[in-house]
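Read through the structure below, which is laid out as structure tokens, and then see the notes.
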Amino acid sequence: MSHECDDCGESFNTLTRLRLHDCGDVQSETFSTSSEPNRSDSGYSSPTEERNASVAELDNLLDRFSDGDIDALHCAVVEFESALSAALEEDNSGDTYRDVFWPYHERVSDALNEAARSEGWSFLADVTKAHDPAQDDEIPLVTPAVANAVGRHLIRTRLTDGVKAISVAALEYLDAIAVNAPDTADSAREEVHAYGWGIDHPAHSVTDRLHARTSEDIFSVNPTLEHAFYADQYAAVDLLEELVRDESIDGTLPRVTRDDMPYRRYLLDCVYGLKTDDHWPGMPRYYNWHEEFDYTFELDETVEQRIRELVEETGFGADLPNDWTFRDLGV
């Protein structure tokens with residue numbers, strides 16, 4: 001599928017290439033001021049020059065957003081993509097990419113979160129459409145930052161207004177990342193874990209989506225299910241039972257000194273912290289949702305009993321001590 005620039009008419013195979021191209025007919029003030037001072041006399045910009053220009057303009061745009069220019073943030077996300085793309089071209093080792101990604105991942109994520117809090121889901125909806133993880137062969141490089149903000153918005157919406165208030169588009173976006181991101185896209189895949197807060201949504205079945213990809217995506221499903229317990233422990237334990245009892249989920253985790261661990265046993269790791277007050281899911285990054293909402297969690301006795309019975313029923317308690325706790329289920 002080709003994508004055409006509305007200004008110059010040039011076609012591109014991917015949306016990322018479309019977003020990053022230099023349009024000869026119409027060039028915004030934002031991009032013209034960032035690129036011209038760094039171009040060589042020949043008109044060619046090296047990846048290093050492109051990265052430096054994009055990083056400088058990214059700083060400028062984030063400052064403008066901090067000063068109240070909400071539209072500057074849309075440009076900042078595009079500039080972040082450009083800086084990351086140039087960093088990839090510049091250095092095959094990945095060091096330059098990481099030097100750009102990590103400092104600005106937090107800044108862009110925080111800015112998007114701030115915009116979502118003031119403007120609502122509609123702002124993030126526009127961003128997710130412009131940087132759609134399902135459109136290209138490769139997901140946009142800014143996906144982790146966008147997913148981080150979407151995850152924060154999803155959690156906040158669930159805790160303040162309930163599951164029905166969560167936008168289906170927000171859930172579809174996070175699920176699309178889980179489906180389309182390669183295994184090597186660790187940061188993007190980790191930011192998807194907040195998808196679990198959509199469990200029991202009336203118009204989007206998180207349960208069905210997670211079940212469908214458990215065998216191929218166990219390392220994403222497990223922490224997502226952990227999040228789901230904090231959203232709705234009764235719906236989450238229903239799903240846990242469904243998954244652990246499903247013998248078609250027959251993958252295993254290799255272990256050096258012991259027998260391989262069945263995926264179904266590994267799923268029980270998601271309850272590791274439910275009986276403690278010092279362990280919370282680590283995603284989304286830079287966001288302590290339990291502190292923001294002074295959130296407390298108490299595992300219902302009937303849910304605890306169902307988990308214990310599930311462990312014994314499936315034989316996964318055979319190697320546990322007689323007085324095992326949920327922490328003994330950790331991997």
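General remarks:
- Of all the listed residues (Ile166, Ile155), the sole one being in contact with a Gly (Cβ under 9 Å, 6 or more places away or on another chain), within 22 Å of Glu291 (Cβ to Cβ) and aliphatic (A, V, I, L, M) is Ile166.
Yes/no matrix, rows are residues, columns are (1) in contact with a helix residue (DSSP H, G or I) (Cβ under 8 Å, 6 or more places away or on another chain); (2) within 22 Å of Val146 (Cα to Cα); (3) at pLDDT below 90:
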site	(1), (2), (3)
Leu20	yes, yes, yes
Val26	no, no, yes
Glu50	yes, no, yes
Leu58	yes, yes, no
Cys75	yes, yes, no
Val100	yes, yes, no
Tyr104	yes, yes, no
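- Within segment 234-258, considering residues that are under 21 Å from Arg209 (Cα atoms) and polar (S, T, N, Q), the one surrounded by the fewest Cβ atoms within 10 Å (Cβ to Cβ): Ser248
- For first residues located in segment 287-313 and in the same structural domain as Glu191 (by TED's automatic domain parsing), partners that are among the acidic types (Asp, Glu) and lie 6+ apart or on another chain with Cβ distances below 7 Å form the pairs Arg306/Glu241; Leu310/Glu241.
Residue-by-condition table, conditions (1) free of Cβ contacts under 8 Å to residues at least 24 places away in the same chain; (2) basic (Lys, Arg):
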{"residue": "Ala116", "(1), (2)": "no, no"}
{"residue": "Gly120", "(1), (2)": "yes, no"}
{"residue": "Gln135", "(1), (2)": "no, no"}
{"residue": "Ala147", "(1), (2)": "no, no"}
{"residue": "Arg156", "(1), (2)": "no, yes"}
{"residue": "Ser167", "(1), (2)": "no, no"}
{"residue": "Leu171", "(1), (2)": "no, no"}
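- Within segment 82-95, not a single residue is at pLDDT 95 or above and under 20 Å from Ala188 (Cβ atoms).
- Qualifying residue in segment 268-287 (condition: more than 23 Å from the chain's Cα centre (by Cα), among the aliphatic types (A, V, I, L, M) and part of a loop (DSSP other than H, G, I, E, B)): no
- Here Arg264 clears all of (1) closer than 30 Å to Thr157 by Cβ; (2) in contact (Cβ under 8 Å) with a residue 24 or more places away in the chain except the condition numbered (1).
- Selection over segment 288-306 of residues that are charged (D, E, K, R) and either closer than 19 Å to His153 by Cβ or in a loop (DSSP other than H, G, I, E, B) (or both) gives a count of 5.
- Selection status of Gly151, at pLDDT 95 or above and under 11 Å from the mean Cα position of the chain (by Cα): yes
- Residues considered: Ala130, Ala176. Of these, the only one that is surrounded by fewer than 24 Cβ atoms within 10 Å (Cβ to Cβ), of a type outside the set (Lys, Arg) and over 12 Å from the mean Cα position of the chain (by Cα) is Ala130.
- Selection within segment 272-312: residues that are closer than 25 Å to Asn148 by Cβ and of a type in the set (A, V, I, L, M). The member of this set that is surrounded by the fewest Cβ atoms within 10 Å (Cβ to Cβ) is Leu274.
- Residue-level check: of (1) buried (at least 18 other Cβ atoms within 10 Å of the Cβ); (2) more than 22 Å from Pro182 (Cα to Cα), Met261 misses just (1).
- For Glu216, the criteria (1) modelled with pLDDT of 95 or more; (2) over 23 Å from Ala145 (Cα atoms) hold in every case but one, which is (1).
- Any hit, segment 116-136, residues being under 17 Å from Ala169 (Cα atoms), out of contact with any Pro (no Cβ under 6 Å at 6 or more places or on another chain), charged (D, E, K, R) and not in a helix (DSSP H, G or I): yes
- The residues on offer are Ala212, Ala185, and the sole one that is without any contact (Cβ under 8 Å) to a residue 24 or more places away in the chain, in the same structural domain as Arg245 (by TED's automatic domain parsing) and among the aliphatic types (A, V, I, L, M) is Ala212.
The values are calculated or read from the model by the stated rules, or taken from the named source; none is laboratory data. Predicted, not measured: the structure shown is a model, and the values here were computed from it. Neighbour counts are summed over all protein chains in view; Cβ atoms, including those assigned to glycine, are modelled from backbone coordinates with ideal geometry.
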